Every structure is written in C-alpha cells, then in structure tokens.
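Below: one structure, written as structure tokens.
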Amino acid sequence: MEMRQNIIYNLIRGMRHGQWRVVAVCCTAALATACSDWNDHYEADSALLSSQHATLWENISNNGNLSQFASLLKKAGYDEVLGATQTYTVWVPANGTFDYEAANALSESRLRKEVIENHIARNNYPASGLVDERIFTLNEKMMQFSGNGQYDIQGVGVSSANLASSNGVIHVTDGRIPFRANIYESLHNNDYALDSIAAFFHSYDVKKLNELRSVKGPTVNGEITYLDSIFDEHNDLFTRFYAYINREDSNYTMLVPTNEAWVKAKEQIAPYTT
C-alpha cells in the first residue's frame, strides 16, 4: 500500500510541464447554523405547517407547470422521499426554464446528485421579508438564498414562493440551479481524459450507510428499507496527502495528469516498483 502512495508522489515529481492540466476549483463555504438532534430535527413542525396541505410530492406532481421536474423526481426515486414526513424545502424549476432533455439523459446517480439533490434542502426555508441564508442542499453544496420581496437562490430567481405543504415548502424558480463541482468531482469531467487518476482515487473510496440521517421506510422480509439513504463517504488518499479535495469548505489547486501523461509516468517508474 505504501508503494502505491509513493507512485503518485513520483508521478507528481516526474511530470513534464506540458503534460499537466490544471484544475482549479475554489470552494467557499461557511459553517451552517448548529442544529438539534438528527432524530427529531427533520420532523415536520406542526405549528408551522397545516395538516390539511398535501405533501411536497403531491403538490409538485399535481402542478402542470412543474411536470418536467416531477418526472425527474420520480425517475430518481424522490417521489417517495418527498411524500414522507421529513421536512424539506424544494426549489423547483418551472417547465421550459431548463434543459429537461439534458437532465433526463443523465445517469441515475448523476441525476440525483447534480440535479435533484442540488434543488432540495432539509428544513423549512420560507421566503418572507429580508432573507440572507446560507444553506446546504442534500448533495452538501452550499447555496445562498437571499432577497427582500424578490428572492433568488445562487442567482436563479424565484418566480413563485412559499407553496406550503404538510412536510415542507416549495419555491418555483426561473431555471435550474447550477451544479458546482469540487475538485474531486471534477476528476469526472468529460471534457478531459482524466480516467486514470480518477480510477486511482476511486479505488480508495468507501461508503457507509448513515442510519441516523437516512429516512427509514417499511420493513420488508425482516430488512429495514430506506426512502432516503444517506451515505458517509471516505477516501484514505485525502488523509494521506492532507488534501481534502472533496470538501466544500476548503480551497485547493490540483495539477492533474491526463491519461497519456499518467501512462507514460507509470512506465517510467515501473522498473522501480517491482
């Protein structure tokens, strides 16, 4: 294992200048306001939400102007999540304000992370009076939700605010909220041939279900199912190199070898790794 670690250091040391591509991603974030215990933090607040309202999913799916995003929610399995009792705020782009075909063509994992979870946050975030909120969406991206009478999230305008539901609130937006990749996510950038280093980093990925944060569903054949599964991700390389390129609260610049540069460097050091 130590040998593999030394390989990447040798790669970094041995690359010629022309064989690098620079991926610079600046992630600026702030600490979110401290919150209460996970077990009760996301339950709907009956003092704020009337039980006579339909669920988030019912209100979205029954609104003809939101049918495109509704179909994406259902495809990603979020119809069940938004029909449960946990409280969410959903920013829903109206029909025709975003490239629906491009979003629908994404793989299910990318659809969930880059589109669906990029538009949903836990808890209620109403638009009333002066708003200046830094929130974290389900994909752990920090968003700026602000305004006073007229509101926007990350610069995307809200055309219709505060559609109350039994388990949260809906804001209709004038477009899709941009997904901003951190450095680790940028290794998957299809514009560059970075598969080799991406595969190397991913070989150290570990995911573990966070049962406390996940939304439990019915028990099937003695097994607990989850309507919303939250996973904690860990990668040993972040710790070994003291470079947490997956975090949204840190700034890094990373020099990334293309596939061609990676292969050439491995061939050069291969005689010294056996």
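Bear in mind these aren't lab numbers, they're just calculated from the coordinates by the rules spelled out. Note that the structure is predicted; figures quoted are calculated from it, not measured. Cβ placement follows ideal geometry from the backbone for every residue including glycine, while neighbour counts extend to all protein chains displayed.
Hey, got the Cα dimensions of region 189-240 along the principal axes, in Å, largest first?
Here the Cα extents, ordered largest to smallest, are 43, 27, 18 Å.
Order the peptides 163-176, 255-268, 198-211 from the highest to the lowest mean number of other Cβ atoms within 10 Å of their residues.
Sorting 163-176, 255-268, 198-211 by mean packing, highest first, produces 163-176, 255-268, 198-211.
Please give the length that would be gained between Leu255 and Ser159 if that part of the chain were fully extended, namely 0.36 nm times their separation in residues minus their C-alpha to C-alpha distance (nm, one decimal).
30.5 nm
Would you mind estimating how fast region 57-130 diffuses translationally, via Stokes-Einstein at 4 °C and 1.567 mPa s with the Kirkwood radius over Cα pairs, in µm²/s?
Estimated diffusion coefficient is 101 µm²/s.
Under the 0.36 nm per residue contour assumption, what length would be gained going from the current alpha-carbon distance of Val206 and Asn62 to full extension?
47.9 nm
Is region 133-272 best put as rounded, prolate or oblate by its Cα gyration tensor, with a ≥ b ≥ c the root eigenvalues, rounded for a/c under 1.5, and otherwise prolate when a/b is larger than b/c, oblate when not?
Since a/c reaches 1.5 but b/c is at least a/b, the shape of region 133-272 is classed as oblate.
For Lys141, go through the lysines and keep the ones whose alpha-carbon is under 23 Å away, minus same-chain ones fewer than eight residues off.
Reachable lysines: Lys74, Lys75, Lys113, Lys207, Lys208.
By its C-alpha gyration tensor, with a ≥ b ≥ c as the square roots of the eigenvalues, how is region 147-216 shaped: rounded for a/c under 1.5, else prolate for a/b larger than b/c, else oblate?
Because a/c hits 1.5 or more and a/b fails to exceed b/c, region 147-216 counts as oblate.
Tell me whether region 70-197 comes out rounded, prolate or oblate; compute the Cα gyration tensor, take square roots of the eigenvalues as a ≥ b ≥ c, and use a/c under 1.5 as the rounded threshold.
Prolate is the answer for region 70-197, as a/c is 1.5 or above and a/b outweighs b/c.
Quick one: length gained pulling Glu80 to Thr219 fully straight, 0.36 nm per residue minus the C-alpha distance?
Contour length minus Cα-Cα distance gives 48.5 nm.
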